[in-house]
1. Considering Gly304, Gly287, which residue is within 17 Å of the chain's Cα centre (by Cα) and either closer than 15 Å to Ala111 by Cβ or modelled with pLDDT of 90 or more (or both)?
2. Scan region 71-114 residue by residue and report those that are more than 20 Å from His178 (Cα to Cα), among the aromatic types (Phe, Trp, Tyr) and in contact with a strand residue (DSSP E or B) (Cβ under 6 Å, 6 or more places away or on another chain).
3. Does region 95-128 hold any residues that are surrounded by 14 or more Cβ atoms within 10 Å (Cβ to Cβ) and under 30 Å from Ser189 (Cβ atoms), and which are they?
4. What residue, among those in region 157-169 that are touching a residue at least 40 places away in the same chain (Cβ under 8 Å) and of a type outside the set (Gly, Ala, Ser), is surrounded by the fewest Cβ atoms within 10 Å (Cβ to Cβ)?
5. Among Val137, Val164, which is at pLDDT below 90, more than 27 Å from Ala232 (Cβ to Cβ) and in contact with a strand residue (DSSP E or B) (Cβ under 7 Å, 6 or more places away or on another chain)?
6. Applying the selection to region 171-198, what residues are part of a loop (DSSP other than H, G, I, E, B), of a type outside the set (Ser, Thr, Tyr) and within 11 Å of the ligand (Cβ to nearest atom)?
7. From the list Leu144, Leu134, exactly one residue is crowded, with 22+ Cβ neighbours inside 10 Å and either part of a strand (DSSP E or B) or more than 16 Å from the ligand (Cβ to nearest atom) (or both). Which is it?
8. Would you be able to tell me the number of residues in region 170-202 that are farther than 19 Å from Gln85 by Cα, touching a helix residue (DSSP H, G or I) at 6+ places or on another chain (Cβ under 9 Å) and without any contact (Cβ under 8 Å) to a residue 24 or more places away in the chain?
Amino acid sequence: MIAELVDAGHRSRIFELTARLLAGEEISRPQALALFDLENSADIFDLMAGANRIREHFKGNQIHLCSIVNAKAGACSENCSFCAQSSFYQTGSPKYGFVDPEPVRDAAEEAHRNGVTAVGLVAAWRGLNEGPMLDEVCDRIRELADGGKTRPDASLGIIKSQRVADRLKEAGLECYGHNLESSKRFFPSHCTTHTYEERLQTIHHLKKAGIKICSGGIIGMGETREDRCDLAFALKEIGANVVPINILNPIKGTPFENVPPLPPLEILKTIACFRFILPRREIMIAGGRTVNLRDMQSMVFTAGASALMVGNYLTTLNQSVEKDLQMLKDLGLDPRWDHGFDRQ
Ligand code: SF4
């Protein structure tokens, strides 16, 4: 009887918070932490129902699709414990230098055929400085922008000078991917070759250059629920336009290869909590969804996600774009071919 009353309390609190968010209010950190701590599956489904309403209210029924091209793979100087591309670990992941124009053009064509309008160039390296490599990167961005078929995005690591960010903007870059990855507190548990502050500084330069920010993180690395909550609030504070949520896919050879997977309901609950904290933002489900959520992948939208990374990820395979498009159709959702920045 007491347990039922407690559950009823959770239920009415979730509905009340949902109504407040729909009316334009914001959720506080203690309120959010209480949502992250929900354990009972019925409560989690109530939470997801609220997140679904909030998504529908602020984002409609359109799901933004995004695709990435690995523009420089492997041999990265950084030691991110989840990453197959770090030179610190033996993972058997491919290694190649910055790509020629051809493969980028092919990827843009393929994305266009699939109806995806944004293609992100992703490079596995510490970051980008002024010099010949920046010139080459700008050329690739300009080619994509001039091709007119896909909008160029990029994720090129740490940027230390305003001039670099300005050059990227001048080349036609609209959005830059740079995850905070985790909470400030947990960050040194998965990376010690660069700092959380360097990541914040990079985002500062990009925003000043007028570039939109795609920034999220990875869950399932051994962080606490409080860490996930703090990550979401940090992303709110930096004004991330798109928030990718990756779920750890433990790669053999990395320090995280034996980290136990998060249960699917914990993942869905986390997505729902992010929607409560970031009601108007584009919340995108990125790497790790197929392996971690299996048959429950389609529920990411009823948990509040409004965007999906499609095609193959940097080092792991994803389900086909056709299957993803069918999944959206079956859910009564429409694919959307741009970032929907105007919806924020
Ligand atoms: S996550 Fe990025 S910076 Fe870290 S090791 Fe991988 S490629 Fe390098």
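1. Being within 17 Å of the chain's Cα centre (by Cα) and either closer than 15 Å to Ala111 by Cβ or modelled with pLDDT of 90 or more (or both) holds for just one of Gly304, Gly287, which is Gly304.
2. Tyr96
3. Gly120, Leu121, Val122, Ala123, Ala124, Trp125, Arg126, Gly127, Leu128
4. For region 157-169, the residue satisfying everything is Gln162.
5. Residue meeting the stated conditions: Val137.
6. His178, Asn179, His190, Cys191, His194, listed by residue number.
7. Within the list Leu144, Leu134, the selection yields Leu144.
8. Going through region 170-202 one residue at a time, the tally reaches 1.
The values are calculated or read from the model by the stated rules, or taken from the named source; none is laboratory data. Owing to the predicted nature of the structure, the values given are computational and were not obtained by experimental measurement. Note that we place each Cβ from the backbone using ideal geometry, even for glycine, and neighbour counts take in every protein chain shown.
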